[in-house]
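Take a look at the structure set out below.
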Amino acid sequence: MLSLRGDQNEPAYLKLNPNGVVPTLVHEGKPIVESSLILYYLDEIFPDPPLMPKHPRGRFQVRMYNKLIDEYLHNSCTILTFATAFRPNFLKVPREVWLAEINKAPLKRRAEYKRSVIEHGLDSEFVADALAQHQKLLSWMADSLELGPYLAGENFSNADCAVIPYILRLELLRLEALWANQPAIAHWWARMRIRPSVKAAIFDRMSDKDWAPFKNLEPDPWPKVEELLQARA
């Protein structure tokens, strides 16, 4: 298991996943990469219970959520996380040390995001757009949950699987106020948190080191985030 403290850029892992990102699924000796593609792959090889809706509209919804995540939200999540929870540890070491570490990443644009937010925190030029992408996700969720109990209809699906980690990350960053006026999202999240699969896949697997960066966020990011949101309104 990777610690994600630089080992994702080691040659052995890059051989499996040339982008140096997680997750990577190895099935029958072959690597399967990209989170959304892994979800589709798992649904095809383990189809019971199905995680893709039968109706084309629901399947479209799943793919739209994954497209948003792949193209915009994942990088936005990285930006907010490095600007807040991860930033203090980087600033404890000389700039040339942490810069050399993040520059090992094959995806140079992501290295640029990280450099900016480590240096400038929530004042980075990338933060406002990162917040906007999360607001877009929450808006989509609110619309979806008006039509059914899950993000792609009446049943738990790969849309829910894809979104859960990003709502958890917002909660860990003390940004749950972003959906304070969306009770349907709060209710959905309360149900997702207690699902046995979510408990087993996330909460039971996170170590003390995983939780540590989020336990004592200083300063609390919400006042600055609220300021940025008001400036965009």
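The values are calculated or read from the model by the stated rules, or taken from the named source; none is laboratory data. Small disclaimer: the values here were computed from a predicted structure and weren't measured. Cβ placement follows ideal geometry from the backbone for every residue including glycine, while neighbour counts extend to all protein chains displayed. The accessibility values were calculated without ligands, DNA or RNA, using every heavy atom of the protein model including side chains. Shrake-Rupley method; radii C 1.70, N 1.55, O 1.52, S 1.80 Å.
With respect to residue 204, is the statement that it is open to solvent by 40 Å² or more (accessible area, probe 1.4 Å), of a type in the set (D, E, K, R), closer than 24 Å to residue 70 by Cα and free of Cβ contacts under 8 Å to residues at least 12 places away in the same chain true? Before you say what the answer is, go through the steps one by one.
Numbers: open to solvent by 40 Å² or more (accessible area, probe 1.4 Å): yes; of a type in the set (D, E, K, R): yes; closer than 24 Å to residue 70 by Cα: no; free of Cβ contacts under 8 Å to residues at least 12 places away in the same chain: yes.
No.
Every residue in the stretch 75-106 that is within 17 Å of the chain's Cα centre (by Cα) and more than 18 Å from residue 211 (Cβ to Cβ), please. Scanning the stretch 75-106 gives 75, 76, 78, 79, 83. Could you list all residues from the stretch 126-151 that are assigned to a loop (DSSP other than H, G, I, E, B) and without any contact (Cβ under 8 Å) to a residue 12 or more places away in the chain? Passing the criteria: 147, 148.
When restricted to residues that are in contact (Cβ under 8 Å) with a residue 40 or more places away in the chain and more than 12 Å from residue 83 (Cα to Cα), the stretch 215-225 contains 1.
Residue check: residue 46 meets all listed conditions (1) in contact with an Asp or Glu (Cβ under 9 Å, 6 or more places away or on another chain); (2) among the hydrophobic types (A, V, I, L, M, F, W, C); (3) more than 29 Å from residue 114 (Cα to Cα) but one, namely (1). If we scan the stretch 114-133, do we find a residue that is open to solvent by less than 60 Å² (accessible area, probe 1.4 Å) and of a type in the set (Asp, Glu)? Within the stretch 114-133, one or more residues are open to solvent by less than 60 Å² (accessible area, probe 1.4 Å) and of a type in the set (Asp, Glu). As a summary of the residue check, residue 230 satisfies the conditions (1) more than 16 Å from the chain's Cα centre (by Cα); (2) open to solvent by less than 60 Å² (accessible area, probe 1.4 Å); (3) closer than 24 Å to residue 117 by Cβ except for the one numbered (2). Is the stretch 165-175 home to any residue that is within 17 Å of the chain's Cα centre (by Cα), farther than 25 Å from residue 225 by Cβ and either open to solvent by less than 50 Å² (accessible area, probe 1.4 Å) or among the β-branched types (Val, Ile, Thr) (or both)? No, every residue in the stretch 165-175 fails to be within 17 Å of the chain's Cα centre (by Cα), farther than 25 Å from residue 225 by Cβ and either open to solvent by less than 50 Å² (accessible area, probe 1.4 Å) or among the β-branched types (Val, Ile, Thr) (or both). Tell me which residues, restricted to the stretch 176-186, are surrounded by 10 or more Cβ atoms within 10 Å (Cβ to Cβ) and either of a type in the set (A, V, I, L, M, F, W, C) or touching a residue at least 24 places away in the same chain (Cβ under 8 Å) (or both). Across the stretch 176-186, the qualifying residues are 177, 178, 179, 182, 184, 185, 186. Checked against (1) at pLDDT 95 or above; (2) part of a loop (DSSP other than H, G, I, E, B); (3) under 23 Å from residue 212 (Cβ atoms); (4) among the hydrophobic types (A, V, I, L, M, F, W, C), residue 156 passes all but a single condition, namely (3).
If only residues of the stretch 134-151 that are more than 19 Å from the chain's Cα centre (by Cα) and not small (Gly, Ala, Ser) are counted, the one that is least open to solvent (accessible area, probe 1.4 Å) is 145.
The residue list 167, 102 contains one member that is in contact (Cβ under 8 Å) with a residue 24 or more places away in the chain, touching a helix residue (DSSP H, G or I) at 6+ places or on another chain (Cβ under 9 Å) and of a type in the set (Val, Ile, Thr), which is 167. Filtering the stretch 191-200 to residues that are open to solvent by 50 Å² or more (accessible area, probe 1.4 Å) and either touching a Gly at 6+ places or on another chain (Cβ under 8 Å) or under 22 Å from residue 146 (Cβ atoms) (or both) leaves 191, 193, 195.
Of the residues examined, residue 195 is not one that is within 23 Å of residue 131 (Cα to Cα) and touching a residue at least 24 places away in the same chain (Cβ under 8 Å).
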